[in-house]
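Each remark here refers to the structure printed beneath this line.
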Amino acid sequence: MRRSEFLRAVEAEFQGRAASLVDDLVLSAIGTTAAEALDAGVPPREIWLALCAETDVPLERRHGVGRLEPRRR
């Protein structure tokens, strides 16, 4: 998962709360906010899974979110 995919996934899942969750919610599995973890180089997939666990996102919505379909040539 890339940073852009992470941000799309957060926006898709949390909509209006996305920015505040990324900036303000300290993820217990990581010990920082998602924004701080991204800046520190923590893999976005790890942050996504920690955010999902912290906010009780159902398992079926945790995989593959945020990914764009490949471009057609």
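Bear in mind that the values in this text are calculations on the coordinates, not laboratory data. Fair warning: this is a prediction, and the values are worked out from it, not measured in the lab. A quick note on method: Cβ atoms are made from the backbone with ideal geometry, for glycine too, and the neighbour counts reach across all protein chains shown.
Structure above, values below:
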{"item": "Among 13-21, 45-53, the order from most to least packed when residues are scored by Cβ within 10 Å on average", "result": "45-53, 13-21"}
{"item": "Folded to 0 to 90 degrees: helix 3-14 orientation relative to the chain principal axis, Cα", "result": "80"}
{"item": "Estimated [θ] at 222 nm from DSSP helical runs (n ≥ 4, -39500 (n - 2.57)) normalised by residues in the chain, nearest 500", "result": "-14500 deg cm²/dmol"}
{"item": "C-alpha long axis of helix 44-54 to longest principal axis of the chain, angle in °", "result": "60"}
{"item": "Rg(Cα) / (2.2 N^0.38 Å) computed for segment 9-67, rounded to two decimals", "result": "1.00"}
